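Written out below as structure tokens is the structure these notes cover.
Values in this text are rule-based calculations from the coordinates and carry no lab data. Predicted model, so just to flag it, every value in this text is computed and none were measured. Cβ placement follows ideal geometry from the backbone for every residue including glycine, while neighbour counts extend to all protein chains displayed.
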Amino acid sequence: MTIFFITENENKVREVQRILPDVQPIALELDEIQGLDPLRIIAAKLRQATEQRDGEFFVEDSSLYLDCQNGFPGPLIKWLLQAVGHTGIVELVQKYGSSHATVKTVIGYSDRKDIHFFVGELHGQIVPARGKEGFGWDPIFQPDGFQKTIGEMAPEEKARISMRSKALQALKKHLELGSMKKE
């Protein structure tokens with residue numbers, strides 16, 4: 001059975017298909033509830049998707065959690081980036097004296113009966129923007145143990161360490177175990 005990845009983001013599709021090449025992207029008109037709990041946001045989207053059409057689906061939420069803001073903005077990062085951009089986020093962490101952050105991807109997968117969640121995270125620092133690779137906060141996030149931002153990494157290097165890759169590997173393992181049980 002085909003598994004559909006609910007997104008219109010071509011960057012995310014490329015990253016997903018490196019690990020799960022048979023996944024098909026699909027654009028569905030879904031309401032996105034706003035909040036700080038990515039599990040709740042994802043579950044709501046998956047329930048809507050299964051009401052709209054047949055198939056197995058997954059959706060992901062990638063969030064940025066700033067230590068100096070007690071984890072804010074989390075899933076609301078899109079809106080913070082839109083409002084203040086990379087420079088505004090860098091200025092925020094400088095003002096509050098802690099540049100430590102965690103980036104996290106949560107994937108929700110619906111097999112039409114249950115929703116399963118898979119999480120990948122990466123710790124690092126918010127730094128002034130460097131690099132043209134990637135998207136979102138990639139140019140301002142420097143993972144711990146690295147001298148460059150995600151925005152400075154080639155796609156292959158990012159794929160080896162990213163939070164999305166970690167969550168996708170967990171989903172892949174789940175899918176492989178499920179297919180072995182069916183045989």
Residue-wise, which Karplus ³J(HN,Hα) couplings in Hz belong to region 19-32, taking 6.51 cos²θ - 1.76 cosθ + 1.60, θ = phi - 60°, and x for glycine or proline?
9, 10, x, 8, 5, 10, x, 9, 9, 10, 7, 10, 6, 10
Would you mind computing, in nm to one decimal, how far apart the modelled labels at H116 and Y96 are, each placed 7 Å from Cα along Cα→Cβ?
3.5
So, in nm, how far is label N70 from label D31 when the simple model puts each one 7 Å beyond its Cα toward the Cβ?
2.8
Pick the calculated Cα extents along the principal axes in Å for this structure from (1) 65, 49, 29; (2) 52, 34, 32; (3) 53, 32, 24?
(3)
³J(HN,Hα), Karplus 6.51/-1.76/1.60, whole Hz, each residue of region 62-78, x for Gly, Pro:
10, 10, 10, 10, 8, 4, 5, 10, 6, x, 5, x, x, x, 8, 4, 3
Relative contact order (%) - criterion: Cα under 8 Å, at least six apart; region: region 40-133:
30
Could I have the simple spin-label model distance between D144 and T87, label points 7 Å from Cα toward Cβ, reported in nm to one decimal?
3.1
